[in-house]
Amino acid sequence: MSKKKDSSKSLIAQNKRARFDYEILNTYEAGIELFGSEVKSLRLGKASINESYADEEDSELFLINAHIEEYKNANKMNHAPRRHRKLLLHRRELNKIFSAIQKDGMTAVPLRMYFDRNGRAKLQIGLAKGKKLHDKRQTIKERDWQRDKARILKGDKDS
């Protein structure tokens, strides 16, 4: 798997903590129902999904607690920064997510928010299980080992 950046997608916000706190088992790409002032604010990069999650309301999936800053030039037609935003997915995908949340006790966690090549705001959602403290310690050990291994290999190539 290459770490090359995809130039067709421009990143708006990323939840770096999600991969540390949760074990991501499956990912989905969802559209987001937004107001015009929210899109303008997203284009300026004024969004945070760090403490947000996705949950079911009336058989629809909503993004809850995501912060999109108010757009200053919108005057009276501005939006609420932490309103619930509807996520747009196919019914089959929604049913899979709902069953995983209800039966398996999983959580739908937003991982990344970005604009696709058509300029539409998208959200990458991960179905995740929470990690215990010892799992988090194991993740830290593996990350440190990968870093040390890269240093050792880089040092051997220079010799």
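A short reminder: the numbers here are calculations on the coordinates, not readings from a lab. No experiment lies behind these values; they were computed from the predicted model shown. Here the Cβ positions follow ideal geometry from the backbone for every residue, glycine too, while neighbour counts run over all protein chains shown.
Go over the candidates 122, 131 one by one and state the one that is closer than 24 Å to residue 19 by Cβ, surrounded by 15 or more Cβ atoms within 10 Å (Cβ to Cβ) and either touching a helix residue (DSSP H, G or I) at 6+ places or on another chain (Cβ under 9 Å) or not basic (Lys, Arg) (or both).
Numbers: 122 fails: either touching a helix residue (DSSP H, G or I) at 6+ places or on another chain (Cβ under 9 Å) or not basic (Lys, Arg) (or both).
Within the list 122, 131, the selection yields 131.
What do you reckon, is residue 26 closer than 24 Å to residue 132 by Cβ and among the polar types (S, T, N, Q)?
Criteria met by residue 26.
Give 152, 125 a once-over and let me know the one that is out of contact with any Lys or Arg (no Cβ under 8 Å at 6 or more places or on another chain) and part of a strand (DSSP E or B).
On the way: 152 fails: part of a strand (DSSP E or B).
Unique residue meeting the criteria: 125.
Tell me whether segment 112-128 contains one or more residues that are within 19 Å of residue 64 (Cβ to Cβ) and among the hydroxyl-bearing types (Ser, Thr, Tyr). Step through it out loud before you land on a result.
To start, the set of residues in segment 112-128 that are within 19 Å of residue 64 (Cβ to Cβ) comprises 112-113, 121-128.
Filter again for among the hydroxyl-bearing types (Ser, Thr, Tyr), leaving none.
No: segment 112-128 contains no residue that is within 19 Å of residue 64 (Cβ to Cβ) and among the hydroxyl-bearing types (Ser, Thr, Tyr).
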